[in-house]
Amino acid sequence: MRPTRREFLIGSVGIGLVSAVPMGSASATPAMLEEAIRNVLGESNLQKGKITLEVPPLVENGNAVPLTIIVDSPMTEADHVKAIHVFNEKNPQPHVISVALGPRAGKASVATRIKLADTQRIVGIAEMSDGSFWTDEANVIVTIAACVEDVN
Amino acid sequence: MARTLINVPAKAKRGEVIEIKTLISHPMESGYRVGTSGTMIPRDIIRRFVCTYNGGEVFRAELSPAIAANPFISFFTVATESGMIAFEWRGDNGFAASEHAAITVE
């Protein structure tokens with residue numbers, strides 16, 4: 001549901017973004033991305049490395065973009081990947097996929113196909129069994145957008 | 001029942017890491033598109049995917065509208081024992097589908 005003008009203004013003032021968010025825009029913002037990531041992290045810090053996002057740098061059709069996430073981990077009982085989260089910057093919602101893994105996975109690698117509404121940044125986060133979080137980013141150029149196109 | 005396509009090796013060595021590929025037919029309607037009548041098309045997506053190996057959960061995914069239509073998910077698991085690998089999808093409007101594949105571990 002699109003927020004009313006009043007709700008929108010109240011919400012925007014709270015996060016100081018009145019001018020940054022166009023009214024009625026069906027697009028997530030970097031602030032929404034940050035918030036979604038913060039919800040996953042809690043008080044923990046994000047470190048670069050260990051996780052790799054494999055996604056083509058340029059795609060013609062944003063309706064199905066192959067995405068492979070690989071995390072460097074021995075996947076043992078003592079040291080394994082607990083979860084992988086993927087977020088995007090400009091789709092209507094920042095969340096893409098969250099997966100729960102364990103030592104039974106043997107290998108921390110997941111592949112899927114995603115929709116991208118615009119040329120944008122994708123962020124992957126790996127949560128390890130020791131409580132640390134690792135991140136990687138990928139930039140994708142999209143020529144035909146998905147998610148919000150009209151059906152005609 | 002939605003059509004599904006599962007790729008699980010029929011045989012594996014004990015302890016071998018096997019790749020599992022799954023595909024299910026589903027529109028994954030994002031809820032952000034405007035239809036021919038000018039109104040928003042309501043959201044209709046798969047929210048959850050779970051894979052169990054002889055009853056024990058080995059993989060779980062939470063999907064958002066950003067997953068492409070006909071969701072494809074591929075992941076790995078360790079072949080521990082012979083038995084059944086089961087898959088379950090759940091989504092909006094009471095959507096539910098399940099599939100299973102047998103595996104022989106030597």
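The values are calculated or read from the model by the stated rules, or taken from the named source; none is laboratory data. Quick caveat: nothing in here was measured; it's all calculated off a predicted structure. Don't worry about glycine lacking a Cβ; one is built from the backbone with ideal geometry, like all the others, and counts go over all protein chains shown.
For the stretch A:32-44, the criterion of a residue being of a type in the set (Lys, Arg), at pLDDT below 95 and in contact with a strand residue (DSSP E or B) (Cβ under 9 Å, 6 or more places away or on another chain) is satisfied by no position. Among the candidates A:Ile97, A:Ile114, the residue that is within 7 Å of chain B (Cβ to nearest Cβ), without any contact (Cβ under 8 Å) to a residue 24 or more places away in the chain and under 14 Å from the mean Cα position of the chain (by Cα) is uniquely A:Ile97. Residues satisfying the criterion are absent from the stretch A:134-150 (criterion: within 23 Å of B:Ile18 (Cβ to Cβ) and among the hydrophobic types (A, V, I, L, M, F, W, C)). Taking the stretch B:60-87 as the range and being closer than 25 Å to B:Glu16 by Cα, within 8 Å of chain A (Cβ to nearest Cβ), in contact with a Ser or Thr (Cβ under 9 Å, 6 or more places away or on another chain) and touching a residue at least 40 places away in the same chain (Cβ under 8 Å) as the test, the residues that pass are B:Phe72, B:Ile73, B:Ser74, B:Phe75, B:Phe76. Listed conditions (1) without any contact (Cβ under 8 Å) to a residue 40 or more places away in the chain; (2) surrounded by 14 or more Cβ atoms within 10 Å (Cβ to Cβ); (3) touching a Gly at 6+ places or on another chain (Cβ under 7 Å); (4) more than 8 Å from chain A (Cβ to nearest Cβ) are all met by B:Ile46, apart from (1). For the stretch A:68-105, the tally of residues that are touching a His at 6+ places or on another chain (Cβ under 6 Å), modelled with pLDDT of 95 or more and farther than 19 Å from B:Ile46 by Cα stands at 0.
Checked against (1) modelled with pLDDT of 95 or more; (2) touching a Lys or Arg at 6+ places or on another chain (Cβ under 7 Å), A:Ala117 passes all but condition (1).
Considering the stretch A:28-85, the residues that are touching a helix residue (DSSP H, G or I) at 6+ places or on another chain (Cβ under 9 Å) and part of a helix (DSSP H, G or I) include one that is surrounded by the most Cβ atoms within 10 Å (Cβ to Cβ), namely A:Ala31. Restricting attention to the stretch B:88-106, the residues that are in a strand (DSSP E or B), among the hydrophobic types (A, V, I, L, M, F, W, C) and away from chain A (no Cβ under 14 Å) add up to 4. Here the condition is being outside any strand (DSSP E or B) and under 25 Å from A:Pro103 (Cβ atoms); of B:Pro65, B:Pro27, B:Pro9, B:Pro42, it holds for B:Pro9 alone. Pairs linking a residue in the stretch B:25-40 that is more than 9 Å from chain A (Cβ to nearest Cβ) and within 23 Å of B:Thr4 (Cβ to Cβ) to a residue that is loosely packed, with under 13 Cβ neighbours inside 10 Å and of a type outside the set (Asp, Glu), with Cβ atoms under 8 Å and 6 or more positions apart or on different chains, are B:Ser25/B:Arg3; B:Glu29/B:Pro42.
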